[in-house]
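Visitor: Once you've had a glance at the structure underneath, I'll fire off some questions.
Throughout, read-outs are computed from the coordinates displayed, never taken from laboratory work. This is a predicted model, so every value here is computed, not measured. Here the Cβ positions follow ideal geometry from the backbone for every residue, glycine too, while neighbour counts run over all protein chains shown.
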């Protein structure tokens, strides 16, 4: 008895592969974008948590109860800042290397320490830091550590706030007093959510959204 064999023709296979290719082309960008967002928020949250844990442990080791007494670098130089970091924070962090006040982490990120150790420029990908191609709010995020508000209570700074019509101690600075590292917000912030990206408040936007990138985030991934 003759048996009929069934199967796919070459044309049917090619059509199927074409459909799969179209589907992949439509969905791949979304998958890549979602992955990039996940990596970004994961590393941001890990950095924020690890740094504040290190600050707390270091303060405890020194017997400091009020973080406003936390010591900082003696000079605003990469050498002094690097020495400060190695003494007060590195013992409580998992790091790969530190060079010229740039601290490298095992997950591939890096943080640049500036201004006596008060300001932190965090890069999701160390390669973007090294080749100077980082985009603010996507590859580079700013954090600040001013528990004593040093530099923000000078007469010069108060004069600038007066010119801007700002309160002598706005919320932006009050939230840093006696606190650990927080997402940075520039001093010219007008208090609105829309203005945050213009004053370096990208990390603050993400933190306030539960460490998730908001749907209306101004930077495209």
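Visitor: Between residue 57 and residue 198, what is the label-to-label distance in nm when each label sits 7 Å out along the Cα-to-Cβ direction?
Guide: 4.1
Visitor: Can you tell me the FRET efficiency between residue 188 and residue 35 if r is taken as the Cβ-Cβ distance and R0 is 35 Å, rounded to the nearest 0.05?
Guide: E(calc), rounded to 0.05, equals 0.55.
Visitor: Further, regarding this structure: At residue 74 and residue 215, where each label point lies 7 Å from the Cα along Cα→Cβ, what is the point-to-point distance in nanometres?
Guide: My value for the distance between the label points is 5.5 nm.
Visitor: Efficiency by 1/(1 + (r/R0)^6): what FRET value for residue 132 and residue 66, r their Cβ-Cβ distance, R0 = 35 Å, to the nearest 0.05?
Guide: With a Förster radius of 35 Å, E is 0.35.
Visitor: For residue 90 paired with residue 11, estimate the spin-label separation in nm (one decimal), with each label point 7 Å from Cα along the Cα-to-Cβ line.
Guide: 7.1
Visitor: Distance between Cα centroids, region 60-85 to region 185-216: provide it in whole Å.
Guide: Each part's Cα centre sits 28 Å from the other's.
Visitor: I'd like to compare 134-141, 45-52, 120-127: which one has the highest average count of other Cβ atoms within 10 Å, and what's the full order after that?
Guide: 120-127, 134-141, 45-52
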